[in-house]
Amino acid sequence: MRDLLEKIVEMGLREGASFCEVRYFEERSNSISVENGVARALSSGILRGVGVRVIVDGRWGFSSTNIPTWESVLRALRDAVSGARSIVAYAGEEAKIAEVKPSIDTVIHDVKISPEDVSPEEKVKRILEIERAARTFSDRVKDTFLVYGDAVTRVVVCNSLGTLVEEVTPRMRLYCRVIAREGDNMQEGYESIGNVAGYELVENISAEDFSLKAAKRAVSLLHANPPPRGTYSVVVDPRVGGLFVHEAIGHNSEGDLVFSGQSIIAGKVGQKIASDLVTIIDDPTRINYGHFTYDHEGTRAKPHTIIRNGVLVGFLHSLESAAKLGAEPEGSARAQSHHYPPIVRMSNTYLAAGDMTLEEILEDIDYGIYLSGSQYGYVESQKGQFTCKVEEAWLIEGGELTEHLRDVAISGLTLEALKNISAVGRDLRIEMPGMCGKSGQSMYVDAGAPHFRIDGIVVGGRK
Amino acid sequence: MGVEEIDLAAPVEKAARLLSQMDIDFYDVVASYSRSISINILGRGIKEASSRVDLGIGVRVFRNKGLGVAYSQSLEDRDIEATVKRAVGFARVAQPDPYFKGLPGPSKAPEVPGLCDSEVISLTLEEATRIPKEMISAAEEVRVGAMYFGGFSASYSRAYLTVSTGVSVEAEKTAVSAYLQPVYREGDDVGSSYEFDYGISLSNINPCWIGKRAAEKAIEQFGSRKVESGSLPLILMPEASGSLFSSLLSALSGEPAAKGRTFASGLLGKHIGPETIDVMDDGTIPGAIASSTYDGEGVPKRPLKVVERGRVLTFLHNSYSAGIMNVESTGHAIRGGYGGYVGAGPSNIRVKPGDSTLDEILAETRRGILVLNASFTPNMVSGEFSTTIDEGFLIEGGEKKHPVKNLMAGGHILNLFKNIELISKEGRLFGKGHFFPIVKIGEVKLSGK
């Protein structure tokens, strides 16, 4: 495969490209779906192919194929070159990349137990054990679902800068969903665990900390109330905090959104955009779900500080955004598969720990809302307006958690909310493994935070 | 766009031959090929031209009511054999699903015309570039100086499905879509919005209209302000009302609906709102985006009245959910390519227009929110929602006062249907298939400053 990639890069330069990148992608995945104690479906898939990206006459062309033969990849190259030429006459973004030293390396992430060494029967047995804890928790548990997924991704990047990098990454994820019911009232609880890991992750799961937690949450939400609506001080747990960091600031710091005028923090490097308590880092080198060693342009990944003590210090970069914004690329470009060009993505994004306990954060809030567990969120980065859907919440009254609340979502404006972070805890946890969507691509990410407090957040509710 | 003549029938039949010799109860095999081209817009204009060839085969095997699935992006003989082997091996390990009753048999349907546009198939990247260029030019005629996000894409896809019950179906389709989001800045103030269109044919896309509308809507968003918490009527434009009706039909679809797992599971035969609500699902409209002759399991598509005079008449079934309720499939199986999963969901959603105009609806609104863009998709289990009004205006005395920001609406989706006060006679036709009117909903709880 490496020979093929190298020859196509050479051909690309001969066909007139000033930059040529050829990327082989392969992903082998397996999943098992359990519903109410029945492992009703087992699935396995193999994705593989080649994506070719070129700069010709200052414009980008990209093409991909599932067929990794010389003829098919050569056709993809020619499509990419002719694609770039097809837009040369039209006004738009000039294509350019940062000139970096080539990387030549092979990285294979080790696991203790390869999922391939565990039989499907054994996996089913173990997953049913984990699911059983949720199913048998209460007669109000209506349905339980558990999805096991393993995947091994192999990416080989070869480009005309001389880079030739191969990385093989195993990932494991379990997702549990429980529906509880009482009369017409139905509520859900979720838990998710995932990492760059092998089957040992599944062996080490404690049902009490995973599926049982989801079941307890679903059942307890049956008696939770809608939240009050309005603007409040909120305290977020590490999962809601992770979602906030990802949506409110993470996307805004993606270099491609910055140079293209789609970010509310463009042009603000060196400015104070958050309270002194805020330091936000994106770190692909941490062993969490968004971990990798080389990005999909072959740049070695480093931790990136986005905000330090309230001051915006940098963005996340691809080779292109680094060139356009005058920065060093530090490895943030990834692609969902060979069918997509690399774009700037977060990895493991978190708010750095402060020094307070949760009790200290809560104690001077007379009336506010404590938010726990994240569902999903989104941001309109160009406006800096974000929304985060939360699993459950509690009223804070006189510094104490009181009434249990459900169906809570928060909305805020990035530049206001960052300045309104008024207390940060010491209990950093990164435990939000999931997939992030951007420009039609889905990517492995993780996020986290310690408990922290934000003032003046709009809480959606019915009361 | 350079579509290749790749034989899909031969690999599918090869897999089917292998499967027919094995000790299994049911199987289906699908292979699909697609070719797409796109021109991406970012920043100052056109950024990138791209193209893609995708090819794959998926096998589903049922044995003793357990399901094994395998798929591969290679149609080579040895990969087909390996894919079949993996699916059969997994089906042997899977446990019996008591709700599985079998796969549907063959039935003939008249072909739905107009789903494959030869102009799209022959479109080159050079020709495709005209569309983003025209979108941007039209936006710049309204106002220069925007930074953009958007693009145009065109695709052709062909799929071949064989089921062990005798179903054998081949279908091809084209699709096009265009989108433009201009962002204007005046100091710290941002004017941003978007417009889009999609369909089967190039004639479904009017790039000049998209560019002009996107720019005009973006400029209108300057000076957005926060609004106090309270309860106000909402006027949902078609882009927002679409999420309301799509959510209802999704919650009435397939396994989750039949197994009592959605907010709409208990709605059969019940009234959800005023008698002015009529919703039809029709996957047989010629040339419409969500039309097809057969559904994802080879069952003929047919028009289906889902809500009549405010009353829910039916679920939207695939064979699995129909089996749970001992009824026939309504032809709403949706197969997500060759990846194996078969779900159920709506096709072209048609909401019957009412008799008001937007001007009349606005005129009779003393104070309310005109919602251009917001998702009213609720928690599909509980039906409760809490959503940000992504783009909207405060209405006072029947007129737009100012755009809003940082404003949320919350409640139960069924209360939104109950409180529908007016439905407009005008609306928007999306992809020549979906039709959503403007809908006015009485008091909705809002969270703001």
Could you count how many residues in region A:303-344 are more than 20 Å from A:Glu21 (Cβ to Cβ) and assigned to a loop (DSSP other than H, G, I, E, B)? 7
Taking the options A:Ser192, A:Ser138, name whichever one is under 24 Å from A:Ile113 (Cβ atoms), open to solvent by less than 40 Å² (accessible area, probe 1.4 Å) and in contact with a strand residue (DSSP E or B) (Cβ under 9 Å, 6 or more places away or on another chain). A:Ser192
Within region B:32-47, the count of residues that are at negative phi and of a type in the set (Gly, Ala, Ser) comes to 4
Looking for whichever is over 21 Å from B:Lys101 (Cβ atoms) and open to solvent by less than 30 Å² (accessible area, probe 1.4 Å) here; the options are B:Ser319, B:Ser291. Which one fits? B:Ser291
Hey, among the residues in region A:54-87 that are more than 8 Å from every other protein chain (Cβ to nearest Cβ), under 29 Å from the mean Cα position of the chain (by Cα) and aliphatic (A, V, I, L, M), which one's nearest to A:Ser337 (Cα to Cα)? A:Val54
Just to be sure before I move on: is B:Gly58 of a type in the set (Gly, Ala, Ser), in contact (Cβ under 8 Å) with a residue 12 or more places away in the chain, more than 7 Å from chain A (Cβ to nearest Cβ) and under 17 Å from B:Tyr160 (Cα atoms) in the structure I sent? yes
Among the residues of region A:153-168, are any open to solvent by less than 20 Å² (accessible area, probe 1.4 Å) and small (Gly, Ala, Ser)? no
Here's a check for you: in region A:55-73, which residue that is out of contact with any helix residue (DSSP H, G or I) (no Cβ under 7 Å at 6 or more places or on another chain) and assigned to a helix (DSSP H, G or I) is surrounded by the fewest Cβ atoms within 10 Å (Cβ to Cβ)? A:Glu71
Report yes if B:Ile6 is within 30 Å of A:Glu71 (Cα to Cα), more than 9 Å from chain A (Cβ to nearest Cβ), in contact with a strand residue (DSSP E or B) (Cβ under 7 Å, 6 or more places away or on another chain) and of a type in the set (A, V, I, L, M, F, W, C), otherwise no. yes
Counting only residues that are within 22 Å of A:Gly384 (Cβ to Cβ) and either open to solvent by less than 20 Å² (accessible area, probe 1.4 Å) or hydroxyl-bearing (Ser, Thr, Tyr) (or both), which one in region A:416-437 is nearest to the other protein chains (Cβ to nearest Cβ)? A:Ala417
May I ask you to verify whether B:Ile37 is within 12 Å of chain A (Cβ to nearest Cβ) and either of a type in the set (Asp, Glu) or over 21 Å from A:Arg48 (Cβ atoms) (or both)? yes
If I ask for residues that are open to solvent by 30 Å² or more (accessible area, probe 1.4 Å) and in a loop (DSSP other than H, G, I, E, B), which ones from region A:110-135 would you list? A:Asp110, A:Val111, A:Lys112, A:Ile113, A:Ser114, A:Ser119
Taking the stated definitions as given, is B:Pro233 open to solvent by 10 Å² or more (accessible area, probe 1.4 Å), touching a strand residue (DSSP E or B) at 6+ places or on another chain (Cβ under 9 Å) and either assigned to a loop (DSSP other than H, G, I, E, B) or not small (Gly, Ala, Ser) (or both)? yes
Does A:Val424 satisfy the criteria of being out of contact with any helix residue (DSSP H, G or I) (no Cβ under 9 Å at 6 or more places or on another chain) and in the same structural domain as A:Pro341 (by TED's automatic domain parsing)? no
Considering only region A:405-415, how many residues are more than 17 Å from A:Ile369 (Cβ to Cβ) and more than 8 Å from every other protein chain (Cβ to nearest Cβ)? 2
Of all residues in region B:120-149, which are in contact with a Pro (Cβ under 7 Å, 6 or more places away or on another chain) and outside any helix (DSSP H, G or I)? B:Ala146, B:Tyr148
Looking at (1) within 14 Å of chain B (Cβ to nearest Cβ); (2) open to solvent by 10 Å² or more (accessible area, probe 1.4 Å); (3) small (Gly, Ala, Ser), can you tell me which one A:Ala180 breaks? (2)
Please go through region A:16-35 and pick out each residue that is buried (at least 21 other Cβ atoms within 10 Å of the Cβ) and part of a loop (DSSP other than H, G, I, E, B). A:Ala17
In this structure, does A:Ser103 turn out to be modelled with pLDDT of 95 or more, more than 13 Å from chain B (Cβ to nearest Cβ), within 26 Å of B:Val53 (Cβ to Cβ) and open to solvent by 10 Å² or more (accessible area, probe 1.4 Å)? no
As an exercise: evaluate B:Ala215 against (1) within 24 Å of B:Glu140 (Cβ to Cβ); (2) not assigned by TED's automatic domain parsing to the domain that holds B:Ser122 and give the number of the one condition it does not meet. (2)
Output for Cβ contacts, cut-off 8 Å, separation at least six or different chains, first residue assigned by TED's automatic domain parsing to the domain that holds B:His434 in region B:226-238, second in a strand (DSSP E or B) and of a type in the set (Ser, Thr, Tyr), reads B:Ser229/A:Thr231; B:Ser229/B:Ser447
Taking the conditions exactly as written (part of a helix (DSSP H, G or I) and surrounded by fewer than 16 Cβ atoms within 10 Å (Cβ to Cβ)), does A:Glu403 satisfy them or not? no
Is it the case, given these coordinates, that A:Arg40 is facing chain B (nearest Cβ under 10 Å), in contact (Cβ under 8 Å) with a residue 60 or more places away in the chain and of a type in the set (Lys, Arg)? no
Looking at region A:36-54, which of its residues are among the hydroxyl-bearing types (Ser, Thr, Tyr) and open to solvent by 20 Å² or more (accessible area, probe 1.4 Å)? A:Ser43
Within region B:1-15, can you find the residues that are buried (at least 19 other Cβ atoms within 10 Å of the Cβ) and either assigned by TED's automatic domain parsing to the domain that holds B:Val169 or modelled with pLDDT of 95 or more (or both)? B:Leu8, B:Pro11, B:Val12, B:Ala15
Examine region B:98-115 for a residue that is surrounded by 19 or more Cβ atoms within 10 Å (Cβ to Cβ) and within 14 Å of another protein chain (Cβ to nearest Cβ), and state whether such a residue exists. yes
Any chance A:Gly377 is in a strand (DSSP E or B) and farther than 30 Å from B:Gly43 by Cα: no
Output yes when any residue across region A:339-353 is in contact with a strand residue (DSSP E or B) (Cβ under 7 Å, 6 or more places away or on another chain), more than 29 Å from A:Arg154 (Cβ to Cβ) and open to solvent by less than 40 Å² (accessible area, probe 1.4 Å), and no when none is. yes
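The values are calculated or read from the model by the stated rules, or taken from the named source; none is laboratory data. For clarity, every value in this text was computed on a predicted model and none was experimentally measured. Using ideal geometry, Cβ is built from the backbone for each residue, glycine included, and neighbour counts are taken over all protein chains shown. Heads up: the accessible areas ignore ligands, DNA and RNA and are worked out on the full protein's heavy atoms, side chains in. Shrake-Rupley method; radii C 1.70, N 1.55, O 1.52, S 1.80 Å.
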